[in-house]
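Beneath this line is the structure, given in structure tokens, with notes to follow.
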Amino acid sequence: MTAIAGPLRDADAALREDQPVGEQLRQALRQHPAGVAVVTAADGRRPVGLTVTTFTSVSLKPALISLMVARSASVWPTFEQSARIGVHLLPAHAGELATAFARPGADRFTAPTRWVPDVHGIPVLHDAGIRLSCVVQQLIPIGDHVLVVARVESVQHPDGAHKPLVWHDGGFAGVLLPADPTH
């Protein structure tokens, strides 16, 4: 496949054309589990964050990750201007936290959410599993979302195994590990 540089075709027309296929894709992807992360940023006045299921590793050298953010998200204007983000890969017990950060219009940083700002002012969520401190490298508009590519500066993770929270079939779930990993 060849990458095409230059303007893309009319995104609104493409969305209208793909509406039935888009809904079919949504239903199909409900059966494909995705890891859950909360991404945080700050605009100097207040912290912002949202739940995503589109986090993925891009490269190890350099250490790059990516995630998608809807341009319609209320926090998008802050993310669009942020040079730094925090990515929290949620553990299985963090469904309530994921729900709080997925709720539109809610103040996600009030109780019961516990957090502190890092040295750059980016919110660090307590008990949120593995945390990546990242510098935004690229924002790429794709359809009704923006692909955020970020370089990982540091990784903090709790001691012990991290059983992830996943999104599957319209709800949060944990991952069950086999009793005997040799089978």
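Key figures
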item: Scope segment 127-151; condition crowded, with 18+ Cβ neighbours inside 10 Å and not in a strand (DSSP E or B); matching residues; result: ALA128, GLY129
item: Matching entry among ALA83, ALA63 (being loosely packed, with under 13 Cβ neighbours inside 10 Å, at pLDDT 95 or above and among the aliphatic types (A, V, I, L, M)); result: ALA83
item: Those residues of segment 133-161 which are out of contact with any Lys or Arg (no Cβ under 7 Å at 6 or more places or on another chain), among the hydrophobic types (A, V, I, L, M, F, W, C) and over 30 Å from GLY22 (Cβ atoms), in sequence order; result: VAL152, VAL155, ALA161
item: Test: ASP12 is under 18 Å from HIS145 (Cβ atoms) and either surrounded by fewer than 20 Cβ atoms within 10 Å (Cβ to Cβ) or at pLDDT below 95 (or both); result: yes
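The values are calculated or read from the model by the stated rules, or taken from the named source; none is laboratory data. Here the structure is a predicted model, which is why all the values come from computation and not from measurement. Because the Cβ atoms are built from the backbone with ideal geometry, glycine has one as well, and the counts that use them run over all protein chains shown.
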